[in-house]
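The block underneath contains the structure these notes are about, expressed in structure tokens.
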Amino acid sequence: MPRPKCHRHICGIPDKNYFKPRGIPSSELEEVVLSLDEYEAIRLADYEQFYQEEAAIQMNISRQTFGRIIEVAHKKIADVLMNGKALKIEGGEVAFDDIKSCKHAEGHRAKRNNQ
């Protein structure tokens, strides 16, 4: 029997959760779904510039699991960009962190930018 999947901690749901190429109706586009934990991994690693170990701690998962999540997320985003698909952000096994831990990430980015 497989191990139960633990809930990954995320800061929240993004305000904008759908992106598509300009000038093409949504009905004509193939859609790629980026889960909320994949979105959080992108936010932590690429936007906040956390190392994988730090990002994994923020999400309450192992570094290896974080690595798998970020790899899948990068492939999905590359597919969207290279093939002109729509990107929808939703779903996944997640738990919402409190505001305090989300503010920690903002301070982390400011600290990294000043180095």
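The figures follow:
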| read-out | value |
| --- | --- |
| Reduced Cα scattering model of segment 13-84, Debye log10 I(q)/I(0), q = 0.21, 0.25, 0.26, 0.28 Å⁻¹ | -0.89, -1.12, -1.18, -1.29 |
| Extension gain, Glu90 back to Arg63 (0.36 nm per residue minus Cα-Cα distance, nm) | 7.4 nm |
| Interchain or long-range residues, amide H under 5 Å from His9's placed H | Asn60, Ala95 |
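Coordinate-derived values only; no laboratory data. Predicted, not measured: the structure shown is a model, and the values here were computed from it.
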